[in-house]
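The block underneath contains the structure these notes are about, expressed in structure tokens.
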Amino acid sequence: MKAASFLLSSLIFSPLPAAAGSSLLFLELQGVGGYSSAEKSEIWHSMDAREAMQKTSAGFDLVHRPGGGSTLALQARLAHDPDAPERTRPQVYNAYYRARAPRGGYAWAGHNRTAAGLESYFDTHGALLQTLPMYGYGFDRDWGLGGSRDYDWGDAALSLTTGSGMRLRGAGGWLASARAGLGVLNRDNRTFGLYASAGEVPAVMGYELMNGAEGSYSAFGADYALLWDRWELRADLRAGKRSGMDYAAGLARLGLNLLEESRLKLEGQAVYDGMEGLEGWALAAGASCAATPYLTLRAMFEYDEMMGGRRAVAQVYYYIPI
């Protein structure tokens, strides 16, 4: 594990080649605020205060392509939330090196998507509506190694990660994941995937390590996504064990794109949290409007049955090349 940590650090923090390839650098700014009936006060986060997303923050997104089909990506923020255990904290979202594999496809090392569910191919770094990992099932990004390849029939991906999520080092856990999909979304406008994950992972929420001991985690699931005319459909269903407790979790989201260039999106989402003895629903509606090519306004309303509360959140999101 020490050797793997050294490798990842070398890949992520080594200087970029000065004269090769091409680079894109973006400035990212966002302001987030709302009200929670459960907390009976204003809030400055879209999910739990201990989660990483979304919070008022400033950061950058760097994508460097040295050539030969390889990519170095680094996206980091400095986020502020007066309700969080640490009010101001740096966040690393993307931090990986991806290269073409000898027999086709790609291999990567760093902080990247795990090979499971909707989170393996949908980017939610600026979104208010989130996938199942933000509800406690799986990881949107994780530190480790992985690979993927497209085929005529679809795609396949594997990952072996630390199971620590946002943290570079957790408590020494591991998580192996694999997904195979029929159809490639950005090629066929639809995909249906089957996936499985298994490992020993620490209990984390955002950057917070809830306890120092690893617990068993497993997931077996199916995901589906369809882009049809102005409509978008996304669904994810998984079940397994977490720290010795059975669970079943599901997500369904329907979106409608309106106006020229789909500048306005309306979405409705239902999430079922089926942890043994703690079952409940989270129902949400959201809207996203691209006011300019660089400025997006978002709003979300969510009812959380388990918390017995309602949450309304607004976001101003600015993302521009520099």
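Just name the residue that is modelled with the lowest pLDDT out of those in region 133-173 that are within 18 Å of the chain's Cα centre (by Cα), assigned to a strand (DSSP E or B) and of a type in the set (A, V, I, L, M, F, W, C).
Applying the filter and picking the extreme gives Trp143.
Give me the residue from region 248-268 that is under 22 Å from the mean Cα position of the chain (by Cα) and among the basic types (Lys, Arg) and, out of that set, nearest to Ala116 (Cα to Cα).
Among those residues, the one meeting the criterion is Arg253.
Of everything in region 303-317 that's in contact with a Leu (Cβ under 7 Å, 6 or more places away or on another chain) and crowded, with 16+ Cβ neighbours inside 10 Å, which residue is nearest to Gly274 (Cα to Cα)?
Per the stated criteria, the residue is Val313.
In this structure, is Ala285 without any contact (Cβ under 8 Å) to a residue 40 or more places away in the chain and either under 18 Å from Ala127 (Cβ atoms) or among the polar types (S, T, N, Q) (or both)? Please lay out each step first, then the result.
Values: without any contact (Cβ under 8 Å) to a residue 40 or more places away in the chain: yes; either under 18 Å from Ala127 (Cβ atoms) or among the polar types (S, T, N, Q) (or both): yes.
Taking the combined requirement at face value, the residue satisfies it.
A quick yes/no check of all residues on (1) farther than 23 Å from Ala76 by Cβ; (2) of a type outside the set (Val, Ile, Thr); (3) touching a helix residue (DSSP H, G or I) at 6+ places or on another chain (Cβ under 8 Å):
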position: Ala127; (1), (2), (3): no, yes, no
position: Tyr137; (1), (2), (3): yes, yes, no
position: Ala157; (1), (2), (3): yes, yes, yes
position: Val184; (1), (2), (3): yes, no, no
position: Val201; (1), (2), (3): yes, no, no
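Could you check region 246-295 and list, in sequence order, the residues that are surrounded by fewer than 14 Cβ atoms within 10 Å (Cβ to Cβ) and either at positive phi or touching a helix residue (DSSP H, G or I) at 6+ places or on another chain (Cβ under 6 Å) (or both)?
Leu259, Glu261, Gly277 - these are the residues of region 246-295 that are surrounded by fewer than 14 Cβ atoms within 10 Å (Cβ to Cβ) and either at positive phi or touching a helix residue (DSSP H, G or I) at 6+ places or on another chain (Cβ under 6 Å) (or both).
Just the residues that are hydroxyl-bearing (Ser, Thr, Tyr) and surrounded by 17 or more Cβ atoms within 10 Å (Cβ to Cβ), please, taken from region 127-164.
Of everything in region 127-164, those that are hydroxyl-bearing (Ser, Thr, Tyr) and surrounded by 17 or more Cβ atoms within 10 Å (Cβ to Cβ) turn out to be Thr131, Tyr135, Tyr137, Ser148, Ser159, Thr161, Thr162, Ser164.
Take the residues in region 116-126 that are crowded, with 20+ Cβ neighbours inside 10 Å and closer than 14 Å to Arg234 by Cβ, then tell me which one is nearest to the chain's Cα centre (by Cα).
Restricting to residues being crowded, with 20+ Cβ neighbours inside 10 Å and closer than 14 Å to Arg234 by Cβ, the top hit is Glu119.
Which of the residues belonging to region 186-198 are modelled with pLDDT under 95 and closer than 22 Å to Tyr96 by Cβ?
Asn186, the sole residue that qualifies.
Residues being among the hydrophobic types (A, V, I, L, M, F, W, C), part of a loop (DSSP other than H, G, I, E, B) and within 28 Å of Tyr294 (Cα to Cα): count how many of those fall in region 116-130.
Total satisfying the criteria: 4.
The values are calculated or read from the model by the stated rules, or taken from the named source; none is laboratory data. In this text, all values refer to a predicted model and were calculated from it rather than measured experimentally. With ideal geometry, Cβ positions are generated from the backbone for all residues, glycine too; neighbour counts draw on all protein chains shown.
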